[in-house]
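The values are calculated or read from the model by the stated rules, or taken from the named source; none is laboratory data. Given the structure is predicted, the values throughout are model-derived calculations rather than measurements. Here the Cβ is made from the backbone with ideal geometry for all residues, glycine too, and neighbour counts use every protein chain on show.
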Amino acid sequence: MKTLQELYNEVMNSDALKTEFLTLTTPEQVVAFAEKNGCPATLEEIKSFFEEQSAAAGELSDEKLAMVAGGAVFTPEFYTPIQA
């Protein structure tokens, strides 16, 4: 029986498994894919695994992204052109 990490590594190193994984469209298909490839796991376990992967990769959660999202506004009061 494989761990989710082992299955993830296997998928990342196999074009065939990657292609198959990318065709999955429902949570049930993801669970069935994992089981078919020797890694029986619940949907909750799979979600948790991918959340951990995202956090380890330095990705922001939706909540944190919302806190920092925005932009800059340059108005004449705050903009001083560089003089040559």
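The one condition from (1) at pLDDT below 95; (2) out of contact with any Ser or Thr (no Cβ under 8 Å at 6 or more places or on another chain) that residue 55 does not meet is (2). Taken over region 4-58, the residue count meeting the criterion of being hydroxyl-bearing (Ser, Thr, Tyr), exposed (fewer than 12 other Cβ atoms within 10 Å of the Cβ) and not in a helix (DSSP H, G or I) is 4.
Reported count of residues in region 1-13, each being at pLDDT 95 or above and among the hydroxyl-bearing types (Ser, Thr, Tyr), is 1.
The set of residues in region 10-38 that are among the β-branched types (Val, Ile, Thr) and closer than 20 Å to residue 48 by Cα comprises 11, 25, 26, 30, 31.
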